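> Structure incoming, see below.
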Amino acid sequence: MSNGIVLHHLENSRSQRVLWLLEELQVPYTIKHYKRLPTQLAPPELKKIHPLGKSPVITDGDLVIAESGAIVEYLIGKYGKGRFQPPEQGNVKNLYYTHYAEGTLQNLLSNWRIYGMIPERVPWPIRWLIRIVMTKTQQAFLLGTIEASTEMASLVGKS
């Protein structure tokens, strides 16, 4: 592998946040661009870098790191020199909300959006029925956690 950081950048992906961080940290890097296929999937060349064939991925010497959150934590820890780190008393809260946003919240919002899109993609004669089913699905499986998340977020500002 090459020396230094290589950002494997897929257009319209989360690799843009890694690119931003590399610039903020003023860390030298090389960027390798990948274009999406007409299906909007990543090209197969990315599987040569990481088995999932997704982006973002960085290589730092022989080290290969995927997942934007993991990459951000790695870069800040190795190259940040104390910058972009919360104070000690806020570290656990920062850690929690970073992973909460990537895990729980993103999945909820993505699923909400997908369930909302399904009725628009089915044949029009059954669209009304699918809209009812998807709305009930959103309410049954997602709404409670979204409301709890909103309540939790409002309490965080007060603590």
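> Here is a list of conditions, (1) open to solvent by 30 Å² or more (accessible area, probe 1.4 Å); (2) over 30 Å from Gly82 (Cβ atoms), and Glu24 meets all of them except one; can you say which number that is?
The failed condition is (2).
> Kindly list, by first and then second residue, each pair from a residue in region 16-34 that is among the basic types (Lys, Arg) and assigned to a strand (DSSP E or B) to a residue that is surrounded by 12 or more Cβ atoms within 10 Å (Cβ to Cβ) and modelled with pLDDT of 95 or more, limited to pairs with Cβ atoms under 8 Å and residues at least 6 apart or on different chains.
Lys32/Val6; Lys32/Leu7; Lys32/His8
> For a quick check of your reading of the model, give me the residue pairs whose first member lies in region 84-102 and is within 17 Å of Glu67 (Cα to Cα), whose second is open to solvent by less than 90 Å² (accessible area, probe 1.4 Å) and not in a helix (DSSP H, G or I), with beta-carbon atoms closer than 9 Å and at least 6 apart or on different chains.
So the pair list comes out as Leu95/Pro86.
> Still on this model: Please go through region 27-47 and give me each residue that is among the polar types (S, T, N, Q) and modelled with pLDDT of 95 or more, ordered by number.
If the condition is that a residue be among the polar types (S, T, N, Q) and modelled with pLDDT of 95 or more, then Thr30 is the only one that fits.
> Checking Pro38 against (1) part of a loop (DSSP other than H, G, I, E, B); (2) surrounded by 11 or more Cβ atoms within 10 Å (Cβ to Cβ); (3) free of Cβ contacts under 8 Å to residues at least 40 places away in the same chain, only one condition comes out false. Which one?
Going through (1) part of a loop (DSSP other than H, G, I, E, B); (2) surrounded by 11 or more Cβ atoms within 10 Å (Cβ to Cβ); (3) free of Cβ contacts under 8 Å to residues at least 40 places away in the same chain one by one, Pro38 breaks only (2).
> Let me ask you something else. Give the residue, chosen from Met152, Met134, that is of a type outside the set (Lys, Arg) and closer than 30 Å to Gly77 by Cβ. If you could, list the steps in order and put the result at the bottom.
Working: Met134 fails: closer than 30 Å to Gly77 by Cβ.
Matching residue, one of Met152, Met134: Met152.
> Take residues that are open to solvent by less than 80 Å² (accessible area, probe 1.4 Å) and farther than 17 Å from Val18 by Cβ and tell me which of the helices (runs of 4 or more DSSP H) falling wholly in region 61-128 contain 2 or more.
The qualifying helices (runs of 4 or more DSSP H) are 91-100, 106-117.
> Count, please, the residues in region 1-15 that happen to be modelled with pLDDT under 95 and either of a type in the set (Ser, Thr, Tyr) or farther than 22 Å from Gln85 by Cβ (or both).
The number of residues fulfilling the criteria is 10.
The values are calculated or read from the model by the stated rules, or taken from the named source; none is laboratory data. Predicted model, so just to flag it, every value in this text is computed and none were measured. Don't worry about glycine lacking a Cβ; one is built from the backbone with ideal geometry, like all the others, and counts go over all protein chains shown. Heavy atoms of the whole protein, side chains included, go into the accessibility calculation; ligands, DNA and RNA do not. Shrake-Rupley method; radii C 1.70, N 1.55, O 1.52, S 1.80 Å.
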